[in-house]
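Before any comments, here is the structure.
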Amino acid sequence: MNLNKLKGKFKEHEWLYIDIAKKISISESSIVSRMKGIREFKPSEISKLRKLLKLTNKEVIEIFFD
């Protein structure tokens with residue numbers, strides 16, 4: 001997972017982790033553990049992030065599957 005690229009996407013939208021957590025219906029501690037690489041995003045969360053951040057198929061692959 002490319003956390004730096006994902007963090008960059010969050011910054012582009014000027015969203016904090018708490019904002020993202022609320023938008024994809026997870027707790028703040030869950031988003032923090034995912035952004036630290038402790039846990040991986042679930043497929044449903046990836047789908048929500050894709051829509052929320054308007055990610056292309058290529059970006060989804062680069063961020064979550066490389």
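The values are calculated or read from the model by the stated rules, or taken from the named source; none is laboratory data. None of these values were measured; they are calculated from a predicted model. Cβ: placed from backbone, ideal geometry, glycine included. Neighbour counts: every protein chain shown. Note: areas computed on protein heavy atoms with side chains; ligands, DNA, RNA excluded. Shrake-Rupley method; radii C 1.70, N 1.55, O 1.52, S 1.80 Å.
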- Helix-only mean residue ellipticity at 222 nm for the chain, each DSSP H run of n ≥ 4 adding -39500 (n - 2.57), per residue, nearest 500: -16000 deg cm²/dmol
- Once both label points are put 7 Å beyond Cα along the C-beta direction, the ARG39-GLU62 separation in nm becomes 2.8
- Message: Tell me the carbon and sulfur percent of the accessible area for the chain, rounded to whole percent, probe radius 1.4 Å.
- Response: 50
- Message: Please give me, ordered by residue number, the GluC sites (Glu not before Pro) of the chain that lie in loop per DSSP and have at most 13 other Cβ atoms within 10 Å.
- Response: GLU14, GLU40
- Task: Could you size up the charge dipole of the chain around its Cα centre, putting +1 on the beta carbon of Lys and Arg and -1 on that of Asp and Glu, and report it in debye to the nearest 20?
- Result: 120
- Item | Alpha-carbon Debye profile of the range 1-48, log10 I(q)/I(0) at 0.28 Å⁻¹ | -1.28
- Query: Under a straight-distance cross-link criterion of Cα-Cα below 18 Å, which aspartates and glutamates are reachable from LYS5, leaving out those fewer than 8 residues away in the same chain?
  - Reply: GLU14, ASP19, GLU40, GLU45, GLU59, GLU62, ASP66
- Task: Determine the per residue accessible area of the chain with all protein chains present and a 1.4 angstrom probe, expressed in square angstrom.
- Result: 66
